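Everything on this sheet refers to the single structure shown next.
The values are calculated or read from the model by the stated rules, or taken from the named source; none is laboratory data. Quick caveat: nothing in here was measured; it's all calculated off a predicted structure. Backbone-built Cβ (ideal geometry, glycine too); neighbour counts: all protein chains shown.
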Amino acid sequence: MRMPEPDQAAIARRAEIALALRRILPAESVIEDGEARRAYESDGLTAYRQPPLVVALPSTTAEVAAVLRYCHENRLKVVPRGAGTSLSGGALPLADGVLLGMAKFNRVLDVDIANRAAVVQPGVTNLAISQAVAPAGFYYAPDPSSQIACTIGGNVAENSGGVHCLKYGMTGNNLLGLEMVLINGEVVRLGGRHLDAGGYDLMGVVTGSEGLLGVVTEVTVRILRRPSTQRALLLGFASCEDAGECVAKVIAAGIIPAGMEMMDKPAIHAAEDFVAAGYPRDAEALLIVELDGPVVEVDELIARVEQIAKACGSTSERVSRDEAERQRFWAGRKAAFPAVGRISPDYYCMDGTIPRRRLPEVLAKMQAMSRACGLRVANVFHAGDGNLHPLILYDANKPGELETAEAFGADILRLCVAVGGVLTGEHGVGVEKRDLMGEMFNETDLAQQERLKCAFDSEGLLNPGKMFPVLHRCAELGRMHVSAGKLPFPELPRF
Amino acid sequence: MLTPLEPATAEELAAAVAAAEGPLELRGHGSKRDFGRPVQASQLLDLSRLSGVTLYEPDELVLSAGAGTPVAEIERLLTANGQILAFEPPDLGPLFGQEAGRGTLGGMIACNLAGPRRIKAGALRDYLLGATAVNGRGEIFKTGGRVMKNVTGYDLCKLLAGSFGTLAAIASATLKVLPAPEAVRTLMVRGLGDPAAMLLMSRAMVSAEDVSGAAHLPEAAARCLPHADVGTAVTLLRLEGTPRSVAQRLAMLAKELESPSEELGEIESTVLWRGLRNLLPFRGDHGAAIWRLSVPPTAGADVLRACGPVERCFYDWGGGLIWLTTAAEGDAGAARIRAALSASGGHATLVRAPIAIRASAEVFQPQEPALAALTRRVKESFDPLGRFNPGRMYAGA
C-alpha cells in the first residue's frame with residue numbers, strides 16, 4: 001500500500017513543530033520521542049505501521065482548534081485517532097503528519113433521559129455510553145464488536161455498525177448532534193437534542209467520513225429504552241441456501257429481528273472448538289436469530305421464526321430459555337474471530353455487503369477462489385443486512401502468503417460489487433480498500449466526493465492517503481467544463 | 001421563461017443540465033413548489049418523466065425508482081406487499097392549494113419528509129440507501145448502493161436528502177422499506193395543558209412500551225378531530241406491533257400514565273395518524289403562514305409560549321416538533337419565533353407563506369458565519385455555477 005510521498009521538509013522540522021505544539025498544549029501532551037511515538041504506529045489493521053511525525057493530545061475544543069489552525073497555517077498533515085481500533089487503517093499515521101489523539105476527551109457531559117439523549121466527548125468508549133445511561137434502563141444501540149475499546153468519536157468517523165443494525169441502524173442513524181472543528185480551526189455545531197438539521201445534513205455526511213472532513217469534539221447520541229426482553233434461536237441447516245432462504249422468509253413475514261447472524265461450517269467448528277457453545281457440528285450453516293422487545297411480542301415472534309425455519313428444512317432448533325442460555329448462543333459468534341485466530345497463525349477479515357439473495361452464489365464462488373489460491377476461508381455473516389465477514393486464514397511467516405491473502409480479499413470484494421453489493425459495510429475504506437474504490441465508483445463519482453472534501457479541507461491536510469485512490473488538487477477538480485467553447489456568463493470575472 | 005426541459009433518462013438529464021445556459025428550477029409534480037425561498041430561474045427542469053419503479057424486492061426490503069415516480073404509486077405497491085415507507089412522509093400538497101396525493105420520490109427526498117413515526121423509525125434520510133444524480137456540471141454521479149449496510153465513501157445521500165434540489169438533480173434513488181405493523185392502537189388523554197402534555201409524552205417515550213407516535217393537540221387544533229365533541233385538548237400515544245403485543249402494552253401504558261385515558265381502535269387510529277401526518281389541523285386554513293419547529297422534546301411547551309401569539313398549533317414527535325400558524329404579514333413572526341429557540345436550540349422553517357414574505361424573511365434557520373460559509377462551499381462543490389434552484393434555501397445555496 002503506497003502512502004503519499006512524505007514531505008521531507010516537514011520531517012526535518014519535527015523539533016520546531018513539537019515546540020510550537022507545546023506552546024498550544026501542556027508539555028506532556030506533545031510526544032516527540034521516537035519510542036513513545038511508536039505506541040501510535042498502527043491501528044487495528046496491524047499489517048501497516050508508521051510512527052507519526054509527532055503526537056498531539058489535546059483535551060479541549062479550544063486546544064483542538066488551535067492545533068488544527070497551526071497545522072493549517074503551516075501546511076502540516078493531520079491524522080485524527082480515537083482508540084485506534086480501525087480495521088481498515090483509518091488511523092494509520094503519516095511520517096510527515098501530526099497524529100491528533102482524542103483520548104483525553106473522555107467525559108460523559110450530560111445524560112438527558114427525558115429527551116432520550118446523552119452528550120459525550122468523542123474519546124468515551126461505545127460501551128461506556130450504555131453504562132452511563134444503564135441506571136435509567138437505557139442503552140446506546142450500535143454495538144460494534146470492539147465496543148469495550150472503540151470510542152464514539154471513532155464510531156462517528158467510521159459510521160460503525162454491529163450485530164443489531166438491521167433493526168436499530170448504524171451510528172449515523174443514532175446521532176442527534178456533533179461539535180466539529182474544521183482544519184482551519186473554525187468550530188461548527190451540527191444538530192443538538194432536536195431532530196434533523198435546519199440546512200444541509202452535514203452531520204449525516206460527516207458521519208462515516210473517516211476523519212477526512214473535520215475533527216469531532218462532542219457527540220450527542222440518541223439513547224433507547226432497553227427492551228423488556230431478548231431471546232435467541234439457534235438454528236442449524238444442511239446448506240447455506242436453506243439458511244439464506246430462512247432469513248428471506250423471516251423478513252418477508254414482516255419480522256425484523258434485532259440480530260440475525262449466520263456462520264458457515266468452518267466458522268461453526270472453529271467457534272465450537274474454542275468455546276463449546278453447543279453449536280451443531282454437523283450443520284453446514286448456523287443461524288442465530290435474536291428477537292427483542294415486549295415479552296408477549298417476543299414470545300409470539302420466536303414461535304413464528306421457529307416455524308419458518310422448520311419450513312425451510314432446519315436440522316436443529318433451540319430457543320434460549322433464559323439469559324444465560326442466550327449468552328451461550330452468542331458466545332461462539334462473539335468469539336468467532338479469536339477462534340479462527342487459534343486455528344491459523346494469521347487471519348484477514350473482510351467486510352463486503354451483498355444483496356442477501358446472492359449469498360449462495362457468492363459463497364460458492366468464494367470456495368472456488370479459496371481452492372484456487374490454497375487459503376482457507378471461514379464465514380461469519382450479518383445475514384439480516386447482507387454484511388459478509390469472510391475470514392481468510394494465512395501465515396504471514398510464509399513468504400508471499402500475506403500478498404496471496406490480500407489478493408484473495410480483493411477478489412472477494414470485487415465479487416461483492418459485481419453482484420450489486422459494496423466494498424465495505426461497516427469497517428470503512430481507510431488505506432485497506434482505498435485502491436479498490438474504482439471497482440465501485442467511476443471517476444466522476446469519485447471526483448464529486450473529492451470536491452466535497454475540498455469544501456471542508458481545500459489543502460487536503462486531514463487524513464490524506466485514506467479513502468481516495470488518487471489525490472487530486474482541489475483546483476484541478478474545480479476546473480469548469482467549457483460548454484461549446486464559451487463559459488456561462490462570460491462577462492463575469494473569474495479567479 | 002424558456003421551454004421546460006423534460007428529460008426521460010439520466011443521460012438526457014445530464015445533457016439538459018450541461019447545455020443549460022442559466023439557472024434551473026427543479027420540479028417534480030410541483031406539489032411543494034411554494035416551499036422555500038423563491039427561485040429566480042430562467043428555465044424549468046421537469047423531472048416527472050423520470051418515472052417508474054425499477055426494482056422492488058420485498059424480502060430484501062429494497063425499492064428503486066426514478067425521481068419522478070409518484071409517491072402514491074410507490075405507497076400503493078408497498079401496501080400490496082404489506083410494507084411501508086416507515087418514515088411516514090406527509091402529503092404537503094394540499095397546504096399549498098394542490099390536490100392531495102401528488103408528489104414525487106424526488107420531491108420527497110428533496111424535503112427530507114418525515115411524519116409521526118420519526119421519533120421511532122427515523123426520517124427519509126435514514127432510508128435513502130443510494131442515488132444516481134446529476135451535478136451542476138451536468139455529470140452523472142452515483143452514491144451509496146442498494147444494500148442495507150454500506151460505508152464505502154462519503155454518504156452523499158445524506159446531503160441530497162433535505163437539500164431542496166439545490167445540490168443535484170436526482171435521477172433515481174433506492175430506499176429501504178419496512179414491513180407494515182400488524183396492528184395499531186391509540187391511547188387518548190383529554191384535557192391536558194401543554195406543559196402537562198409534554199410531561200405525559202416524555203413519560204410515555206421513556207416507558208418500555210415502544211411508543212411510535214406521540215402528539216398533543218391543544219383545543220383549537222383538536223377541533224379537527226371527530227373525537228373533539230367535548231372541546232378539550234387531546235394527547236395521543238400510538239402503539240404498533242402484533243395484535244396481542246399492542247393490546248398488552250396499551251393496558252400497561254394506560255396504567256403507567258396514571259391519567260384517565262381512552263383507547264382508539266384500529267381504523268380510528270389509522271385515520272387519525274394519517275390526518276396528523278398530513279397536517280389535518282391546518283386543512284382549510286389557506287391564509288395563515290405555517291411554521292415547523294424542531295426542538296428538544298421537553299422544551300416544546302416553553303418554546304411555544306416564548307413564540308408569542310400564534311393562530312393554531314399542535315405538537316408531534318413527543319413535543320419535539322411544533323407546527324404552528326401565524327398571520328401572514330410582516331415577517332410572519334420569524335424574528336420572535338427564532339428568538340424563542342435561542343434557549344433550547346433547534347430550528348424553525350417557514351413552510352408556507354406568501355412569496356413576498358419568503359423573499360424577505362429567512363425561510364430556513366439562519367446559520368452561524370462558519371456554518372453558513374461551509375454550506376456555501378458544499379453547494380459550490382456540487383453546483384459551482386449555481387444552476388440548481390439558486391437561493392431556495394439560503395442566499396447562495
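Things to note:
- Filter pass, A:Ala267 being free of Cβ contacts under 8 Å to residues at least 12 places away in the same chain and within 30 Å of A:Ala418 (Cβ to Cβ): no
- Residues that are surrounded by 22 or more Cβ atoms within 10 Å (Cβ to Cβ) and not in a strand (DSSP E or B), drawn from the stretch A:259-286: A:Ala267, A:Ile268, A:Ala270, A:Ala271, A:Tyr279, A:Ala283
Yes/no per residue for (1) within 11 Å of another protein chain (Cβ to nearest Cβ); (2) in a strand (DSSP E or B); (3) touching a strand residue (DSSP E or B) at 6+ places or on another chain (Cβ under 6 Å):
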site	(1), (2), (3)
A:Met180	yes, yes, yes
A:Gly204	yes, no, no
A:Gln230	no, yes, yes
A:Leu233	no, yes, yes
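- Count of the stretch B:146-196 residues, restricted to those that are under 29 Å from A:Ala157 (Cα atoms), in a loop (DSSP other than H, G, I, E, B) and touching a strand residue (DSSP E or B) at 6+ places or on another chain (Cβ under 6 Å), is 10.
- Among the residues of the stretch B:360-392, those that are in a loop (DSSP other than H, G, I, E, B), hydrophobic (A, V, I, L, M, F, W, C) and within 8 Å of another protein chain (Cβ to nearest Cβ) comprise B:Phe364, B:Leu385.
Conditions (1) among the hydroxyl-bearing types (Ser, Thr, Tyr); (2) under 29 Å from the mean Cα position of the chain (by Cα), marked per residue:
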position: A:Ala18; (1), (2): no, no
position: A:Ala27; (1), (2): no, no
position: A:Asp33; (1), (2): no, no
position: A:Tyr40; (1), (2): yes, yes
position: A:Gly44; (1), (2): no, yes
position: A:Leu53; (1), (2): no, yes
position: A:Tyr70; (1), (2): yes, no
position: A:Asn74; (1), (2): no, no
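- Restricted to the stretch A:22-44, and to residues there that are in a loop (DSSP other than H, G, I, E, B) and hydrophobic (A, V, I, L, M, F, W, C), the residue that is modelled with the lowest pLDDT is A:Ala39.
- One residue stands out among those in the stretch A:287-315 that are of a type in the set (Gly, Ala, Ser), closer than 15 Å to A:Ala238 by Cα and under 33 Å from the mean Cα position of the chain (by Cα): the one that is surrounded by the most Cβ atoms within 10 Å (Cβ to Cβ), which is A:Ala309.
- Strands (runs of 3 or more DSSP E) wholly inside the stretch A:85-163 containing at least 3 residues that are more than 14 Å from chain B (Cβ to nearest Cβ): A:97-101
- Close pairs (8 angstrom Cβ cut-off, 6 or more residues apart or separate chains): over 22 Å from B:Asn150 (Cα atoms) in the stretch A:209-220, surrounded by fewer than 24 Cβ atoms within 10 Å (Cβ to Cβ) and among the hydroxyl-bearing types (Ser, Thr, Tyr) anywhere: A:Thr217/A:Thr61; A:Glu218/A:Thr61
- Among the residues of the stretch B:25-60, those identified as in a loop (DSSP other than H, G, I, E, B), farther than 21 Å from B:Phe364 by Cα and among the polar types (S, T, N, Q) are B:Ser42, B:Ser48, B:Ser51.
- Hits in the stretch A:419-466 (condition: under 22 Å from B:Leu159 (Cα atoms), touching a residue at least 12 places away in the same chain (Cβ under 8 Å), part of a loop (DSSP other than H, G, I, E, B) and at the interface with chain B (Cβ under 7 Å from one of its Cβ atoms)): A:Gly421, A:Leu423, A:Thr424, A:Gly425, A:Glu426, A:Gly428, A:Val429
- Strands (runs of 3 or more DSSP E) contained in the stretch B:224-313 and holding at least 1 residues buried (at least 20 other Cβ atoms within 10 Å of the Cβ), at negative phi and in contact with a Pro (Cβ under 6 Å, 6 or more places away or on another chain): B:234-241
- If the condition is being within 8 Å of chain B (Cβ to nearest Cβ) and in a loop (DSSP other than H, G, I, E, B), then the stretch A:182-202 contributes A:Leu182, A:Glu186, A:Gly192, A:Arg193, A:His194, A:Leu195, A:Asp196, A:Ala197, A:Gly198, A:Gly199, A:Tyr200, A:Asp201.
- Here B:Ala18 fulfils each of the conditions (1) under 21 Å from B:Asn135 (Cβ atoms); (2) within 27 Å of the chain's Cα centre (by Cα) apart from (2).
- Residues within the stretch A:375-387 that are within 25 Å of the chain's Cα centre (by Cα) and assigned to a loop (DSSP other than H, G, I, E, B), tallied: 5
- Failed item in (1) more than 10 Å from chain B (Cβ to nearest Cβ); (2) surrounded by fewer than 24 Cβ atoms within 10 Å (Cβ to Cβ), with A:Ala383 passing the rest: (2)
- Residue list for the stretch B:71-89, restricted to those being buried (at least 21 other Cβ atoms within 10 Å of the Cβ) and either closer than 18 Å to B:Ile170 by Cβ or away from chain A (no Cβ under 13 Å) (or both): B:Val71, B:Ile74, B:Leu85, B:Phe87, B:Glu88, B:Pro89
- Qualifying residue in the stretch B:142-152 (condition: within 13 Å of chain A (Cβ to nearest Cβ) and under 21 Å from the mean Cα position of the chain (by Cα)): no
- Test: B:Leu55 is under 24 Å from B:Thr79 (Cα atoms), within 12 Å of chain A (Cβ to nearest Cβ) and crowded, with 22+ Cβ neighbours inside 10 Å: no
- Here the condition is being surrounded by fewer than 22 Cβ atoms within 10 Å (Cβ to Cβ) and in contact (Cβ under 8 Å) with a residue 12 or more places away in the chain; of B:Ala100, B:Ala161, B:Ala131, it holds for B:Ala100 alone.
- Where helices (runs of 4 or more DSSP H) fall wholly inside the stretch A:303-374, the ranges with 1 or more residues that are more than 14 Å from every other protein chain (Cβ to nearest Cβ) and over 30 Å from A:Leu402 (Cβ atoms) are A:323-334.
- Test set (1) in a strand (DSSP E or B); (2) of a type in the set (A, V, I, L, M); (3) modelled with pLDDT under 95 - B:Val351 fails condition number: (3)
- Checked against (1) in contact with a strand residue (DSSP E or B) (Cβ under 6 Å, 6 or more places away or on another chain); (2) surrounded by fewer than 24 Cβ atoms within 10 Å (Cβ to Cβ); (3) not β-branched (Val, Ile, Thr), B:Ala348 meets all criteria but (2).
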